[in-house]
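Engineer: Before we start, here is the structure in question, set down as structure tokens.
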2 protein chains.
Amino acid sequence: MRVAILAHEKFPDRAKTALGVLRYADYDAVAVLDRETAGQRVNDFVSDVQDAPIYESMADLEADAVDALLIGIAPIGGGFEESWREDVRTALEGGCDIISGLHYFLAEDEEFTQLAAENDCELRDVRKPSDDLTVSQGIADEVDAEVILTVGTDCSVGKMTVSMELARDAREAGYDAAVIPTGQTGIMIEGWGNPIDRVVSDFTAGAVEEMILEKGDEHDYLFVEGQGSIVHPAYSAVTCGILHGSMADKLVLCHDAGREAIHGYESFSLPDLPTYVDLYENLAAPVAGSEIVAGALNTSNLEDDEAREAVDAYADAIDVPATDVVRFDSETVLDALL
Amino acid sequence: MRVAILAHEKFPDRAKTALGVLRYADYDAVAVLDRETAGQRVNDFVSDVQDAPIYESMADLEADAVDALLIGIAPIGGGFEESWREDVRTALEGGCDIISGLHYFLAEDEEFTQLAAENDCELRDVRKPSDDLTVSQGIADEVDAEVILTVGTDCSVGKMTVSMELARDAREAGYDAAVIPTGQTGIMIEGWGNPIDRVVSDFTAGAVEEMILEKGDEHDYLFVEGQGSIVHPAYSAVTCGILHGSMADKLVLCHDAGREAIHGYESFSLPDLPTYVDLYENLAAPVAGSEIVAGALNTSNLEDDEAREAVDAYADAIDVPATDVVRFDSETVLDALL
């Protein structure tokens, strides 16, 4: 599928979804839309992802060059920016589907619904939960696959990236590994999945279990994308539901080097690293024997020599092999997991 | 407000909501509807709650004797039983409001909506979350009130009852105490509240915080009704969200004497009692310094002499004062809490 990726005024640093899709998805990216960086190319900014030209708007593209317009950014709150409307309109008029992970559902927008019907296009709101989700049965451990969950010391420490990188490295090493996506970017990359942070709270664990039951006998390893952190003042419910719903065999503890307080909730200090290991394992224990067997440290803020030292110190602190999956190889971590 | 309470074929033992309302709510209960026990009275079955005659249907009541029909039972799954339709229809035609905590929203039922409009009645679906809920800010501890949360070893161990009893006993002892209701029965009793198990999972903590911020400067003590259990394979997300969202000062650990496995998930054994104390306190610690300072044991399955022994053993196991709030007095427990 050929996609254009909307990322106005935020590419590349504040366009997490766009970058995730360029890095990990199977889509053929024919363009990024960003009126600020238009005229340049993706690889002018980020070298290790799929390249594409950057345009100012959908109007700069041939109508039949694109199958879908993908919304690759999200403002705080997940609303729809009216300055994007012209691009969505042009895409629909040209027969493109729209893929969006916004909290604002495009399929509930009157103009878009009408244009989609007229032009036989699909409005795919990936953050809209399926209607048939329900409570967990507590049976995710019955699948054949080994279930590996990324857990974090905070939000935005790289859990999605770690899940994607480890699954890719495992596949390249010859293992049959798949990703279980739980958030909007993961769902866009994989093309399916339940948006766990948007389901009814009673169904949090059940929505994870349902995906594991669906894929668990088709693969040998499932890398479940974690969300939030078990000590997050706002999002710990989602984290806890994924931990118990997945009944994971193994956990990878993800951390951002230098992070000392909860992002956006700076009055809450992060506990020390061994406390996280105990918290996740002790909370998992009555439901599943999940153990933290590897660590992943995001060292993107550090120089190369500091990064290696930081990874070593991190591995020592949590007493398992660790790496930065983007910067270094994942061999020792995969050895611990597979 | 004068209410009739629908409890067909389930009164009293399987009518938790009906009994909760009869026991704790300020409503004037003019009738219970139960076609199986019709002709008897509430106090023929349960002596320590508000008495009312039991009728076969709404048709047996004078139209102007009732202000609202309250649905006092819930089938598994929370659906609407078609055998109740005639009673709801009769109530609406007689000008009564309907109060329901079902997952099935009466306000989305075409016939009920039309009848309600024609007769100027309200359809109150208490399990329908408000549209303006959002994520927690992590500030519930800023209110003046001391926040006391009931937490459990499992579902259905009596958390709602304990919250109601302790708040009532505290008020009778002269303290200014209120209940923060989080489930359908609590909401029906109190007449307001957010149904935490039905909110968007990302808003679990936020929906609790919102209530505490609303009431926290009006009272000296808030008794927050807990839900589920932190080790429940399906519902732990809700429990975790309430723990962190409430930022409780003190916790009351609730348990059902003799319970050894998760209700309905019998392959999951309950951890031992001191493990619960550690789990709840350690999980709370990075967000709030919540401590388990009292215990509540449901001894309804035991004889009197066994019950006293069980409560003493329970207090020993969790190393704090304990009682059965229904069977015994709550003095030592209140001393620890207030």
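The values are calculated or read from the model by the stated rules, or taken from the named source; none is laboratory data. Because the structure is predicted, anything quoted here is derived from the model rather than measured. For neighbour counting, all protein chains shown are included, and Cβ atoms are generated from backbone atoms with ideal geometry for every residue, glycine included. Heavy atoms of the whole protein, side chains included, go into the accessibility calculation; ligands, DNA and RNA do not. Shrake-Rupley method; radii C 1.70, N 1.55, O 1.52, S 1.80 Å.
Engineer: Over segment B:2-125, what relative contact order in percent results from Cα pairs under 8 Å that are six or more residues apart?
Structural biologist: 23 percent
Engineer: If you don't mind, another one. Compute the accessible area per residue over the protein assembly as shown, keeping the other protein chains in place, probe 1.4 Å, unit Å².
Structural biologist: 39 Å²
Engineer: Which residues in segment A:295-309 place their backbone N less than 19 Å from a point set 7 Å from the Cα of residue A:266 along the Cα-to-Cβ direction?
Structural biologist: Backbone N within reach: A:301.
Engineer: How far is residue A:259 from the same spot in each other copy, in nm, shortest first, if each label point sits 7 Å from Cα toward Cβ?
Structural biologist: So the label point of residue A:259 gives 3.4 nm to the other copies.
Engineer: To the nearest 100 Å², how much accessible surface do chains A and B cover up together, summed over both, with a 1.4 Å probe?
Structural biologist: Adding both sides of the contact gives about 2900 Å².
Engineer: Could you give the size of the charge dipole of chain B about its Cα centre, using +1 on the Cβ of each K and R and -1 on the Cβ of each D and E, expressed in debye and rounded to the nearest 20?
Structural biologist: I would put it at about 520 debye.
Engineer: What number, rounded to the nearest 500 deg cm²/dmol, is the helix-based mean residue ellipticity at 222 nm of chain B, given -39500 (n - 2.57) per DSSP H run of at least four residues and division by all its residues?
Structural biologist: -9500 deg cm²/dmol
Engineer: Placing unit charges on C-beta atoms (Lys and Arg positive, Asp and Glu negative, everything else neutral), compute the dipole magnitude of segment B:1-108 about its Cα centre in debye, rounded to 20.
Structural biologist: Here the size comes out at about 320 debye.
Engineer: Okay, next question. For chain B, set up a GNM with springs between Cα atoms under 10 Å and report which of B:118, B:146, B:225 has the largest fluctuation.
Structural biologist: Most flexible of the set in this elastic network: B:118.
Engineer: Let me ask another. If you keep only loop residues by DSSP, which GluC sites (Glu not before Pro) in segment A:1-108 have at most 13 other Cβ atoms within 10 Å of their Cβ?
Structural biologist: Those that pass, being in a loop and sparsely packed, are A:9, A:36, A:62.
Engineer: Another question, then. I'd like the distance between the alpha-carbon centres of segment A:93-124 and segment B:301-323, rounded to an integer number of Å.
Structural biologist: 61 Å
Engineer: Moving on. Mind listing the phi-derived Karplus ³J(HN,Hα) values for segment B:82-90, rounded to whole Hz, using 6.51, -1.76 and 1.60 with θ = phi - 60°, and x for any glycine or proline?
Structural biologist: Karplus-based 3J(HN,Hα) across segment B:82-90 equals 4, 5, 8, 4, 4, 5, 5, 4, 4 Hz.
Engineer: Per residue of B:263-269, how many C-beta atoms from partner chains lie within 10 Å of its own C-beta, taken as a mean?
Structural biologist: 2
Engineer: Keeping the other protein chains in place, figure out the carbon and sulfur percent of the accessible area of chain A, with a 1.4 Å probe.
Structural biologist: 41 percent
Engineer: If you take each beta carbon of peptide B:199-211 and count the beta carbons of other chains within 10 angstrom, what is the mean?
Structural biologist: 6
Engineer: Next question. What percent do you get for the relative contact order of chain A when only Cα pairs under 8 Å and 6+ apart count?
Structural biologist: Relative contact order for chain A comes out at 14 percent.
Engineer: To the nearest whole number, what is the average tally of beta carbon atoms from other chains within 10 Å of the beta carbons of peptide B:276-289?
Structural biologist: Partner-chain Cβ atoms within 10 Å, mean over residues of B:276-289: 4.
Engineer: Still on this structure: Could you give the semi-axes, largest first, of the ellipsoid that matches the protein assembly as shown, computed as the square roots of 5 times the alpha carbon gyration tensor eigenvalues and rounded to whole Å?
Structural biologist: 47, 32, 21
Engineer: Within 10 Å, at most 15 other Cβ atoms, and a DSSP state outside H, G, I, E, B define an exposed site. Report the longest part of chain B free of exposed trypsin sites (Lys or Arg not before Pro).
Structural biologist: B:36-326
Engineer: So which GluC sites (Glu not before Pro) in segment A:234-338 are both in a DSSP loop and have at most 14 other Cβ atoms within 10 Å of their Cβ?
Structural biologist: Qualifying residues, ordered by number: A:260, A:303.
Engineer: In addition: Of the candidates B:120, B:67, B:154, which one comes out as most mobile in a Gaussian network treatment of chain B with C-alpha springs shorter than 10 Å?
Structural biologist: B:120
Engineer: Also, I was wondering about something else. For chain B, treating each Cα as an identical point scatterer without solvent, what Debye log10 I(q)/I(0) comes out at q = 0.06, 0.07, 0.13 1/Å?
Structural biologist: With no solvent term, the Cα-only Debye profile gives -0.21, -0.29, -1.00.
Engineer: OK, next. By residue number, which cysteines of chain A lack any other Cys whose Cβ falls under 4.7 Å from their Cβ?
Structural biologist: Those would be A:96, A:121, A:155, A:254, since no other cysteine Cβ in chain A comes under 4.7 Å of theirs.
Engineer: Compute the separation of the alpha-carbon centres of segment B:1-72 and segment A:1-53 and state it in Å as a whole number.
Structural biologist: 63 Å
Engineer: Can you compute 3J(HN,Hα) from phi for each residue in segment B:205-217, using the Karplus curve 6.51 cos²θ - 1.76 cosθ + 1.60 with θ = phi - 60°, rounded to whole Hz and x for Gly and Pro?
Structural biologist: 5, x, 6, 6, 4, 4, 5, 5, 5, 5, 9, x, 9
Engineer: Looking only at B:182, B:204, B:134, which one moves most when chain B is put into a Gaussian network model with springs between Cα atoms under 10 Å?
Structural biologist: B:134
Engineer: OK, next. When we measure straight from the Cα of residue B:250, which lysines land under 30 angstrom away, once same-chain ones fewer than 8 places off are left out?
Structural biologist: Leaving aside lysines fewer than 8 places away in the same chain, those within reach of residue B:250 are B:16, B:128, B:159, B:215.
Engineer: Let me ask you something else. Please compute the net charge surrounding residue B:330, taking Lys and Arg as +1 and Asp and Glu as -1 over other residues with Cβ under 13 Å from its Cβ.
Structural biologist: -4
Engineer: On a C-alpha basis, how far is the centre of segment A:229-292 from the centre of segment A:141-206 in Å? Whole number, if you could?
Structural biologist: 15 Å
Engineer: If you don't mind, there's one more thing I want to ask. Hey, for residue B:335 with labels 7 Å out along Cα-Cβ, what do the inter-copy distances come to in nm, ordered shortest first?
Structural biologist: Once sorted, the set of distances for residue B:335 reads 6.0 nm.
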